[in-house]
1. Once amide H atoms are built 1.01 Å from N in the peptide plane, which residues 5 or more positions from residue 331, or in another chain, come under 5 Å H to H?
2. So what are the ³J(HN,Hα) numbers for region 288-293, from phi and the Karplus equation (6.51, -1.76, 1.60; θ = phi - 60°), rounded to whole Hz, Gly and Pro as x?
3. Considering only the chain, what is the antiparallel percent among its DSSP beta bridges, to the nearest 5?
4. Classify region 81-233 as rounded, prolate or oblate, taking a ≥ b ≥ c as the square roots of the eigenvalues of its Cα gyration tensor: rounded when a/c is under 1.5, otherwise prolate if a/b is larger than b/c and oblate if not.
5. Can you compute log10 of I(q)/I(0) for region 371-423 with the Debye formula, treating each Cα as one identical point scatterer, at q = 0.24, 0.26, 0.29 Å⁻¹?
6. Across region 357-367, in residue order, what do the Karplus-derived ³J(HN,Hα) couplings come to in whole Hz, using 6.51 cos²θ - 1.76 cosθ + 1.60 with θ = phi - 60° and x for Gly and Pro?
7. Could you work out the equivalent-ellipsoid semi-axes for the chain, taking the square root of 5 times each eigenvalue of the Cα gyration tensor, largest first, in whole Å?
8. Kindly rank 403-414, 153-164 from highest to lowest mean number of other beta carbons found within 10 Å of each residue.
Amino acid sequence: MSKLKTLRYGLGSALVAAALMASSSVVAQEAAAEHVATVEAILADSQFETAVEYMRDNYDQQIEEFVELVEIPSGPFMEAEISARYAELLEEAGLENVHVDEEGNAIGEWRGTNSDGDYLVVSAHLDTVFPEGTDVTVNWIGTEAHAPGVGDDTMSLAVILSYIRAMKEAGIETEKDILFVGTVGEEGPGDLRGVRYLFTEGEYKDNISGFFSIEGGTAGRMTAGGTGSLRYRVTFEGPGGHSYGAFGTVNPSYALANFMTAFSEIEVPEEPKTTHNVGIIEGGTSVNSIPFSMAADVDMRSEDPDELEKVHQQFLALVDEAAAYENERNSTDNGEITVNLELIGDRPAGNTDPESDLFQITHAGYTAAGYEVPEPGTSSTDSNMPMSLGIPALTIGANSGRGGRGHSLDEWLDTDIELTIPAMRATLAVVLANAGYVQE
Ligand SMILES: [Zn+2]
């Protein structure tokens, strides 16, 4: 999970969701019952059981790979080494056409028996938030692994490798093709660059029909909404001058102040949650100088793409108005106030329809496997990108669920086999149900 906390839907959404449920027809209930039956059949299938046994018997290998991957430094824009190594491991696990794409994502293909040309993506992210020089040595306290990045998201990378090997060993077949991906740039500064490339530029961009991001947390976790954000550095520039001698000259400070005051008054809805902030301001040279330049870092977020765009458009208009007002009321003899806008963050918002097959099968799958499914949350993860494009996507969990202190040097994760294998089993059943598990 990226550093945004997973937010639970507020009461408003819960009521809307309840109303939707109540109005959903008998047909929808029959579909849900069918999905439960599908997953129950997978869970009871002997080949699937063989795969789970394989994962249990070879859990030591999973832990070895987990430790190896944790101990490769992989902060933002430092993923080259872990990408290359992860691609090797995907290849060893038995995937086809394994490669690192131009953005740095490590990718391998699983062939389906009845491919329609579209892929189900099963991914985890390669990057962590930790800068160069961070000590990433794993320390063990019993079955608890302590090191930066263990839960977010390196265990999921190891889980995926175990899945591929277990599916091969057990002779499991799926109708659909699956693309297994280790993505780069999920965390803050990376701005979803890996998954953005996958969906907007890479060779698979038009051939992905469903997307899973396996993240921290245990089976049953379903994040079905992506909080969108737009971040700008806005800089007002002017001719500058002596504060006394050149008084009356257009002043970037006042343009910035007027912009900020107006921006602070933009009204946003509580539901869907929408926010704005000016996080940093900087500029100027001395107390007795009209500045040449004043800048602000601005952050806008929403669970809803339309609401985000509304704030965005108001922001753009206010920036121009503030500059125009300063140029109008003060002297431009030595030059005008100009605005320089730099986009420093762009995470699209989106949601996965609770009526979609991906959502329904996943929900049914976790329930059938005996996991409680909490109210699906909203967060900022790799799933934001497909969600924003209308492609069903969910961020789900497959680890023990015992861990914490993500994004801190004290991050830890319990790797207890008795907690981890059942969660891996449930999430594998969910993935296979979505990929069209072929019963013998
Ligand atoms: Zn994460």
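Any read-out appearing in this document is the output of simple, stated calculations on the displayed coordinates, not a laboratory observation. Nothing here was measured: the structure is a model prediction, and the numbers come from that model. Cβ placement follows ideal geometry from the backbone for every residue including glycine, while neighbour counts extend to all protein chains displayed.
1. Close amide H contacts, sequence-distant or interchain: 249, 250.
2. Couplings: 9, 10, 6, x, 7, 7 Hz.
3. Values: 52 of 73 bridges.
Just about 70 percent of them are antiparallel.
4. Details: a/c = 1.65, a/b = 1.19, b/c = 1.39.
Note, shape of region 81-233 comes out oblate.
5. -1.03, -1.06, -1.09
6. Coupling constants for region 357-367: 4, 4, 5, 5, 5, 5, 4, 4, x, 5, 5 Hz.
7. Numbers: eigenvalues 423, 123, 67 Å².
Value: 46, 25, 18 Å, ordered largest first.
8. Working: 403-414: 17.9, 153-164: 25.8.
Peptide ranking by packing, descending: 153-164, 403-414.
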